[in-house]
Amino acid sequence: MADGASLLQQIRDFFADFRPQGLSQDETTPAAVLLLLYEKAGEPYILLTRRTEDVEHHKGETSFPGGAFDSADGDLLTTALRETEEEIGVRPEDVEVLGRLDDIVTISGFVVSPFVGFLRTPSYAFAVNTVEVAELVE
């Protein structure tokens, strides 16, 4: 995958100089998501999830894996990795974290910190938590 490897290196190079813009957490709920990149059949992919109708927030929406910060997490990267493991079974040690993007605010009062990671293992066996995730979208 010469092209995919080149793309991955370009992303690494981008994050080497990128400084994300954080937003104030005042009167909002901090959250984090993981934009997960991986290779499948020699092509780069991004993984999204479609949320179930049973979750508390963002029912039925298509999103990156992630969720609200928990004080036990310690930091937002840990939140993104923990939530990704809970939702789709990707272990944190299987992800190369490439960097963080600018924070965004949702209409529901969350300040979301998006992280970008690369799944090191090809042909990963995702373990979908069907309470939270209705469908994987590649």
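No value in this document is a laboratory result; all are computed from the given coordinates. Small disclaimer: the values here were computed from a predicted structure and weren't measured. Cβ: placed from backbone, ideal geometry, glycine included. Neighbour counts: every protein chain shown.
Tabulated values for the structure
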read-out: Hypothetical label at GLU61: residues of the stretch 80-108 whose amide nitrogen lies under 18 Å (7 Å Cα-Cβ projection); value: 80-81, 83-84, 87-88, 101-108
read-out: Trypsin sites (Lys or Arg not before Pro) restricted to the stretch 38-77 and DSSP loop, no more than 12 other C-beta within 10 Å; value: LYS59
read-out: Centroid-to-centroid separation of the stretch 86-115 and the stretch 18-41 [C-alpha atoms, Å]; value: 4 Å
read-out: Shape box of the stretch 44-116 [Cα atoms, principal axes, largest first, Å]; value: 30, 24, 24
read-out: Solvent-free Debye scattering, log10 I(q)/I(0), computed from the Cα coordinates of the chain at q = 0.17, 0.21 Å⁻¹; value: -0.94, -1.36
read-out: Amide H contacts under 5 Å for PHE69, placed H, 5+ residues apart; value: ALA31, ALA32
read-out: Relative counts (whole %) of C-alpha pair distances in the stretch 1-42, using bins that are 10 Å wide; value: 20, 37, 26, 14, 3
